[in-house]
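In what follows, a structure is listed as structure tokens, so that the remarks can point back to it.
The values are calculated or read from the model by the stated rules, or taken from the named source; none is laboratory data. Just so we're clear, the structure is a prediction, and the values are computed from it rather than from any experiment. Because the Cβ atoms are built from the backbone with ideal geometry, glycine has one as well, and the counts that use them run over all protein chains shown.
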Amino acid sequence: MSNREPIGVIGTGYVGLVTAAGFAELGNDVYCIDIDEAKIAGLERGEIPIYEPGLEELVAKHRGRLHFSTDINDALEHARLLFVAVGTPPSYSGDADLTAVFSVVGSMPPEGEHALIMKSTVPVGTGRAIKRRFEETGRSNFRYVSCPEFLKEGSAVKDFLNPDRVVIGDDGDWAGDAVQELYAPLNAPILRMDIASAEMVKLASNAFLATKISFINEIANVSEETGADVSEVARGMGLDDRIGPKFLQPGIGFGGSCFPKDVSALKQLAGNSGYHFQLLSAVIEVNELQKRKVIGKLKRSLGSLVGKRIALLGLAFKPNTDDMREASSLVLAGRLQGEGAEVVAFDPIAMEEAKHLMPHGVDFADDELSAVRDADAVVLVTEWEQFGKLDWNEIAGAMRGEVVVDGRNALDPDAVRSAGLRYEGVGRGREGDPADPAVVAGADAQPASLGSGPG
Ligand SMILES: NC(=O)c1ccc[n+]([C@@H]2O[C@H](COP(=O)([O-])OP(=O)(O)OC[C@H]3O[C@@H](n4cnc5c(N)ncnc54)[C@H](O)[C@@H]3O)[C@@H](O)[C@H]2O)c1
């Protein structure tokens with residue numbers, strides 16, 4: 001028997017389930033609550049509702065410590081610390097929608113010694129508002145701690161067990177100390193601060209990372225125009241330890257359930273308090289334009305896209321997840337269809353999820369080779385590891401056309417070109433530019449149709 005205290009986790013999605021399994025690994029009994037009855041029934045049968053490396057094994061390993069229920073009382077009865085990991089999606093205004101958070105707050109009873117530990121990403125001031133709500137409704141014995149989550153989908157289990165830091169925002173009561181004790185075995189730096197600052201750490205971190213991505217995407221776009229290779233530029237920048245190499249990979253824009261909504265929420269939060277956060281407006285705009293740049297590249301090679309068959313490899317917003325929320329593939333597929341193209345798509349893991357979200361009319365292929373069959377162009381959208389090992393001769397044989405747009409700079413340009421295909425990455429110079437060695441070497445071999453499109 002572990003002497004660690006039992007805890008509750010409310011919301012068993014990407015964050016909640018990983019948090020629950022992670023604490024179970026540390027020895028805690030965890031009472032997991034969700035309003036989604038099907039999800040809870042599945043979890044009780046050992047079915048993991050999401051794809052997250054290592055999660056299924058961890059849940060199975062600690063099945064005895066993990067208790068699943070749709071009844072919040074099961075958590076209230078056994079645990080004083082209740083982690084909240086419900087969704088905070090964007091609302092129409094761009095502010096975070098806190099309906100689920102306040103529904104949890106509203107379900108807390110008047111009696112008992114409990115604390116809500118907020119893992120959900122919420123606007124600065126939410127903790128203050130929740131505490132006020134507790135006081136106004138006679139539940140002033142309830143404690144509140146902000147403990148934002150920084151895990152990354154695709155490596156969430158590892159991130160939970162090896163966090164860069166744990167941020168705990170509290171009012172100096174027992175609950176903050178109890179949370180610190182829970183995380184102590186991870187030997188990570190633990191930062192204690194006030195609630196509002198902890199809330200801001202999360203929003204500011206995501207906004208900064210998104211800014212880094214939009215920045216390198218702009219450098220890539222300028223590199224493309226000027227003949228520089230952004231991969232070399234990023235390598236040169238990243239070795240400066242004030243900059244660092246991470247988040248310097250250009251691509252076709254960031255997506256996912258966090259960056260777009262958190263950047264927008266911070267921008268709105270600033271606006272609501274009277275401050276115009278100009279930089280974030282640019283970060284968002286660059287990102288939106290970046291998702292559409294692929295269209296220009298395809299048109300430059302293929303001319304009009306009407307009736308052209310375009311294969312999308314990868315649909316999830318990043319590799320190693322089935323999460324399709326705000327994935328760039330959704331915008332890209334819609335835009336391609338808008339241009340009159342036929343879209344065929346393949347993703348190794350996210351296909352089922354994608355089928356609910358992709359625009360009507362997209363074809364789904366069973367594997368890479370079926371996806372590229374008779375395609376005029378292939379676009380790498382998500383850099384799943386298996387796409388790095390594709391046999392480009394086989395692909396060239398199956399395709400109708402010869403255009404390959406590498407939206408993540410994840411392919412080997414030489415391997416693609418040596419199969420007789422035309423490679424275009426992001427910010428790596430343009431095929432057709434005099435500076436491009438492939439073109440200088442083989443200009444005469446270019447089919448006449450290439451490069452004849454507008455723009
Ligand atoms: N996904 C990430 O990578 C990540 C990383 C850091 C922080 N976050 C933040 O964590 C929060 C959760 O994100 P997620 O991706 O895990 O969301 P999710 O949609 O995967 O999971 C949310 C879960 O909460 C449940 N739920 C909703 N209302 C509920 C209620 N009243 N009571 C009990 N359960 C309820 C839903 O049924 C769902 O299972 C968000 O605020 C998000 O911004 C997410």
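Residues that are part of a helix (DSSP H, G or I) and polar (S, T, N, Q) within region 145-186 comprise just one, Q180. In the set (1) touching a strand residue (DSSP E or B) at 6+ places or on another chain (Cβ under 8 Å); (2) over 24 Å from P250 (Cα atoms); (3) touching a residue at least 12 places away in the same chain (Cβ under 8 Å), K355 fails one condition alone, (3). Scan region 78-101 for residues that are within 9 Å of the ligand (Cβ to nearest atom) and not hydroxyl-bearing (S, T, Y) and the total you get is 8. Of all residues in region 30-77, those satisfying the criterion of being within 11 Å of the ligand (Cβ to nearest atom), assigned to a strand (DSSP E or B) and surrounded by 21 or more Cβ atoms within 10 Å (Cβ to Cβ) are C32, I33. From the list E385, E326, the lone residue that is surrounded by fewer than 16 Cβ atoms within 10 Å (Cβ to Cβ), within 27 Å of E56 (Cβ to Cβ) and not small (G, A, S) is E385.
Among the residues of region 12-29 satisfying the criterion of being in contact with a helix residue (DSSP H, G or I) (Cβ under 6 Å, 6 or more places away or on another chain), part of a helix (DSSP H, G or I) and hydrophobic (A, V, I, L, M, F, W, C), which is farthest from the ligand (Cβ to nearest atom)? Once the filter is applied, the top-ranked residue is A21. With respect to E224, determine if the residue is of a type in the set (D, E) and either free of Cβ contacts under 8 Å to residues at least 24 places away in the same chain or over 30 Å from V378 (Cβ atoms) (or both). Considered against the rule, which asks whether it is of a type in the set (D, E) and either free of Cβ contacts under 8 Å to residues at least 24 places away in the same chain or over 30 Å from V378 (Cβ atoms) (or both), E224 comes out as no. Among the residues of region 260-278, the ones that are closer than 22 Å to A156 by Cβ and out of contact with any Asp or Glu (no Cβ under 8 Å at 6 or more places or on another chain) come to 2 in all.
Summed over region 120-170, residues that are within 14 Å of G106 (Cα to Cα) and hydrophobic (A, V, I, L, M, F, W, C) total 4.
Is it fair to say A375 is touching a strand residue (DSSP E or B) at 6+ places or on another chain (Cβ under 7 Å), at pLDDT 95 or above, surrounded by 14 or more Cβ atoms within 10 Å (Cβ to Cβ) and not in a strand (DSSP E or B)? For A375, the condition - touching a strand residue (DSSP E or B) at 6+ places or on another chain (Cβ under 7 Å), at pLDDT 95 or above, surrounded by 14 or more Cβ atoms within 10 Å (Cβ to Cβ) and not in a strand (DSSP E or B) - is met. Counting only helices (runs of 4 or more DSSP H) that sit wholly inside region 223-326, those with at least 1 residues that are within 16 Å of the ligand (Cβ to nearest atom), within 25 Å of the chain's Cα centre (by Cα) and under 24 Å from V201 (Cβ atoms) are 259-272.
For region 214-229, how many residues are of a type outside the set (A, V, I, L, M, F, W, C) and surrounded by fewer than 22 Cβ atoms within 10 Å (Cβ to Cβ)? Summing the residues that are of a type outside the set (A, V, I, L, M, F, W, C) and surrounded by fewer than 22 Cβ atoms within 10 Å (Cβ to Cβ) in region 214-229 gives 6.
One residue stands out in region 119-178 among those that are among the aromatic types (F, W, Y) and within 15 Å of the ligand (Cβ to nearest atom): the one that is surrounded by the most Cβ atoms within 10 Å (Cβ to Cβ), namely F160.
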